[in-house]
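> Below is one structure. I have some questions about it.
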Amino acid sequence: MLQGRRLCKISLIIAILIALSAYGPWDFLGVYGKAQEAKDTLAEDMLVEARGTVYQKEIKQDYYLYYVNDATVYTDNGKLLKTSFIFKSNSFEIPLKAKVNISGRVKPFSKARNEGSFDMENYYWSKGVYFQLEDVKVNDYTSDEAFLSNSIIGLRERIADVYGKNLPGEEAGFLSSVVLGERSGLENQLKDLFQQVGMAHILAVSGLHISVVCMCLYKLLRRLGIGFLGSGIISGQVAVCYGMLTGASISSVRAIGMFLIFLVAQMLGECYDMLSAMSTVGLMLLFENPLYIRNSSFIFSFSAVLVIWYVAIPITQSYELYCKKKCIKVKLKETYSENRYINKLKRIVEKAISGLIFSVGIFVGMMPITVMFYYQTPIYSVLINLLVIPLMPALLGLGLFGGFLGLIIPVAAVPCLSLCHYLIYFYEWIAGVVISMPGAVKIVGDKGIFVIIAYYVILFGLIHGLPYIKDYFISTKDKCDIKWINNMNRRFVAVQMVTALILTVIFIIPTSSNGFEIDFIDVGQGDGIYIDSGDGTRFFVDGGSSSNDELGQYTLLPYLKYKGVGEIDYWFLSHMDLDHVSGVLYLLENGYTINNIVLSVAIPEDETLNKLLSLAAINNTNIIYMKQGDIINTKHLSFKCVYPFDGASDEDINALSLSLLMEYDYNLDKRIDYSGFFGGDIGVEQEKVIASGGEVGKINLLKVSHHGSRFSSDADFLKVLSPDVAVISCSKKNRYGHPAAEAVERIENIGAKIFYTMDSGRIRIDDDGIDLFID
């Protein structure tokens, strides 16, 4: 545990206090002090002049990103001291450690507007960066002598260029990410694939890289007869340089810091303690920036060390102890034969099983952390890592050697990088095979911090409490009864493993439905509405945006994962404008399960519809066409098509939008407890037809048609529906002028309370009332 480890105990207390301050309602330690000061001082689009020091540079696909700290920002109202920010540039010429003087417009980091979405503010604040500048003009910069840092940055670029010349683009980007920590050339599709199958950890420079590069060097130097001091100094310098070469990410800083402590222990002749080393590095990072406690890389990196120590190693040792005692039992027999009982095949099998158990321990221990950030877990990662990790030293070694060799003798690098090509091809192949297997990725949903804590308490008790029970039973038995003791050890290992797997299976059961709810997702300029019937059937109405080109990848899919929704039963699409279907097309292209897509019977044929139908066929998605009077229903919820009627036609595809009346019966007493209307982009003429048709009367909820266009929301139509609540889905800045003041006025005149996704983010309506993601 933590016996005798005072530093670990102190670190644990400090980490808990920082976490309570960072995650709790009261920031009693002031960890948000600098971030809040910047937020209060700097308004959006404010013109400022800033002076500071460049401490990091990143190469992006279309620009270069500079990080500046120790900055002073001058505004018309005063100045902000000792702050940090980022800015983009088309030039990479500003060196590290340069003192820059720039002017630009302040742009605060955006917050997540839906569950599961990327929170830029949290991400950069957790890195100690508090705002960004746009439209930057570099007034001046003076370069300090930072020869080593800039030389290493240049070396990184040249090695990446060697990869680019000798490998296909996708493989060059992959190798640059693995060896150099340079992700600008890494394709998102490949990164997502590796993340889904549980191989994303090889893309980040971590303890594995340090052990391959630095630990191997240290052991080699020791074997060559160099003393502890000399070997430690050389290996330590190489470790620091390699950390700089790979961008000094949090995971690499943690790994290199622990390695340097190991070297110091070796040079002083002291024992190295992994937990104490981890605590030392963790405290240094948290003292530098307490908000690292919210950084996913920090959490993953340090959690991995704890899981190895408290989960993977103990369960592996339990098995190895069982194997050792079994051998003792065999040796006591007179019929003992080394060729029969202890042979190479047996040791290989036991080693393989030991590796599998270690991998299971990592999976079981890290799964809640993975679910906390990605809301899903890769089921086959235990097996895939048994194939992937043993090959990493070869890939990393060949990649480094080939990269450096290519700088000196370009032709000589070809054999090394050709071998890298085959290794990368194998990685991509195995990932492709795994992702195509049934249940490769299990969408779990958000479990909540208390469920995660309960999981770890049970797991900790299972691994560290169960041995005491076993030892108690063994102590009551005759020590000479080796057979009984050996059977007890075998059963203990089996019980420990099976119980851990049962706990894991229980944890990955998807988040259950909380009852009837309607979520208007903030998709920008478009529509996307998730509806849970409360009886196990999930619906979606539209799912597209004209202001967010990556809606499916970064908004819809993360939201569905957060909710624990692995499939949608019925997805209604009002019409084929991209601001209603772009995200759905992405989901279909990436194999997300949609059982039924529901369209209007009068939907006109166009290129988008043909693409949708083609993707639906590939994914075995059923297509349903609705006309006026058709109903799709579950036990509690029904959707009735009120427009268009069969045979309707119009040159404007908006006028043929599928229009639905939703009715919810909570008590199954055939009395409607809640109702709503969803009309896509219909206009005034279609609204008048619906109002006069008698299909719709008083409702509770209106999804305002056409994002609040002045050509929709007819006064007579609104009077017939008389909604209590109206929701307008649009972006704050759009070229259509949505929502129009005339439409808003007409809605207000009937007494409806209006909510806007552009102001509130996700808008939820359920049994508890109306919940806004952004108050």
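The values are calculated or read from the model by the stated rules, or taken from the named source; none is laboratory data. Being a predicted model, the structure only gives us computed values, none of them experimental. Neighbour counts are summed over all protein chains in view; Cβ atoms, including those assigned to glycine, are modelled from backbone coordinates with ideal geometry. Heavy atoms of the whole protein, side chains included, go into the accessibility calculation; ligands, DNA and RNA do not. Shrake-Rupley method; radii C 1.70, N 1.55, O 1.52, S 1.80 Å.
> Is region 164-234 rounded, prolate or oblate when judged by the Cα gyration tensor, a ≥ b ≥ c being the square roots of its eigenvalues, rounded requiring a/c under 1.5 and prolate requiring a/b larger than b/c? Write out the running numbers ahead of the final one.
On the way: a/c = 3.95, a/b = 2.37, b/c = 1.67.
Prolate.
> Sticking with this one: Please report the antiparallel percentage of the DSSP beta bridges confined to the chain, to the nearest 5. Let's see the in-between values first.
Details: 69 of 95 bridges.
Rounded to the nearest five, the antiparallel share is 75 percent.
> Oh, and also: May I have the count of lysine pairs in region 640-741 with C-alpha atoms under 26 Å apart, counting pairs 8 or more residues apart or located on different chains?
15
> Work out the length of the dipole vector of the chain about its Cα centre, built from +1 on the beta-carbon of each Lys and Arg and -1 on the beta-carbon of each Asp and Glu, and round it to the nearest 20 debye. Write out the running numbers ahead of the final one.
Details: 69 positive and 80 negative charges, 1100 e Å.
Rounded to the nearest 20 debye, it is 5280 debye.
> Find the accessible area per residue for the chain; the probe is 1.4 Å, ligands and nucleic acids are left out, and the unit is Å². Before the final figure, lay out the partial values.
Working: 36460 Å² over 775 residues.
Result: 47 Å² per residue.
> Rounded to the nearest 500, what is the chain's calculated 222 nm mean residue ellipticity when only DSSP H runs of at least 4 contribute -39500 (n - 2.57) each, over all residues? Working shown, then result.
Numbers: 28 runs with 366 residues, N = 775.
Rounded to the nearest 500, it is -15000 deg cm²/dmol.
> Using amide H atoms built in the peptide plane, which far-off residues or other-chain residues are under 5 Å from residue 517 H to H?
Under 5 Å from the amide H of residue 517: 532, 534.
> Now for a different question. Put a dot 7 Å past each Cα toward the Cβ at residue 549 and residue 63; how far apart are the dots in nm?
So the label points at residue 63 and residue 549 sit 1.4 nm apart.
> Please compute the modelled spin-label separation between residue 32 and residue 271, points set 7 Å along Cα→Cβ, answer in nm with one decimal.
It works out to 4.4 nm between the two label points.
> Right, another one. Shape of region 543-599 from its Cα gyration tensor (a ≥ b ≥ c, root eigenvalues): rounded if a/c is under 1.5, otherwise prolate when a/b > b/c, or oblate?
Values: a/c = 1.89, a/b = 1.11, b/c = 1.70.
Oblate, since a/c reaches 1.5 and b/c is not below a/b.
> Any of 9/442; 107/191; 191/561; 34/191; 635/753 with alpha carbons more than 24 Å apart? Name them for me. Walk me through the numbers on the way to the answer.
On the way: 9/442 36 Å; 107/191 28 Å; 191/561 18 Å; 34/191 33 Å; 635/753 29 Å.
Listed pairs above 24 Å: 9/442; 107/191; 34/191; 635/753.
> Return the sequence-ordered ³J(HN,Hα) values of region 168-173 in whole Hz as given by the Karplus equation 6.51 cos²θ - 1.76 cosθ + 1.60 applied to θ = phi - 60°, using x for Gly and Pro.
Whole-Hz 3J(HN,Hα) from phi for region 168-173: x, x, 5, 6, 5, x.
> Round to a whole angstrom and tell me the spacing of the C-alpha centers of region 351-411 and region 137-192.
Rounded to whole Å, the Cα centres lie 22 Å apart.
> Here is a further query. State the antiparallel share, in %, of DSSP beta bridges confined to region 612-764, rounding to the nearest 5. Intermediate values should be presented prior to the final figure.
Working: 14 of 24 bridges.
About 60 percent, rounded to the nearest 5.
> Continuing with this model, one more query. I'd like the distance separating the alpha-carbon centroids of region 33-100 and region 637-700, in whole Å.
Using only Cα atoms, the two centres lie 51 Å from each other.
> A follow-up question, please. If you take the beta carbon distance between residue 436 and residue 614 as r and set R0 to 35 Å, what does 1/(1 + (r/R0)^6) give as a FRET efficiency, to the nearest 0.05?
On the way: r = 20 Å, r/R0 = 0.57.
That gives a FRET efficiency of 0.95.
> Additional query: When Kirkwood radius over Cα pairs in Å is calculated directly from the model, which label among (1) 33.4; (2) 29.9; (3) 28.9 fits?
Checking each listed value against the structure points to (2).
> Return the FRET efficiency for the residue pair residue 394, residue 469: r is the Cβ-Cβ distance, R0 is 56 Å, and the value is rounded to the nearest 0.05. Before the final figure, lay out the partial values.
Values: r = 43 Å, r/R0 = 0.77.
Using R0 = 56 Å, I get an efficiency of 0.85.
> Would you work out the relative contact order for the chain, in percent, from Cα pairs under 8 angstrom that are 6 or more residues apart?
After rounding, I find 8 percent.
> Could you pull out every residue, at least 5 positions away or on a different chain, whose amide H is within less than 5 Å of the one on residue 659? Hs are placed 1.01 Å off N in the peptide plane, and Pro or chain starts have none.
642, 643
> For residue 491 and residue 187, what is the calculated FRET efficiency with R₀ set at 41 Å and r taken between the beta-carbons, to the nearest 0.05?
Working: r = 48 Å, r/R0 = 1.18.
With R0 = 41 Å, the Cβ-Cβ based efficiency is 0.25.
> On the accessible surface of region 488-536, probed at 1.4 Å, how many percent belong to carbon and sulfur atoms? Display every interim value, and only then the final one.
Working: 1220 of 1740 Å².
That fraction is 70 percent.
> Whole angstrom only: what separates the Cα centroid of region 194-226 from the Cα centroid of region 546-573?
One Cα centre to the other: 38 Å.
> Can I ask one more? What distance in nm separates the simple spin-label points at residue 237 and residue 139, each placed 7 Å from Cα in the Cβ direction?
Spacing of the two 7 Å Cα→Cβ label points: 4.1 nm.
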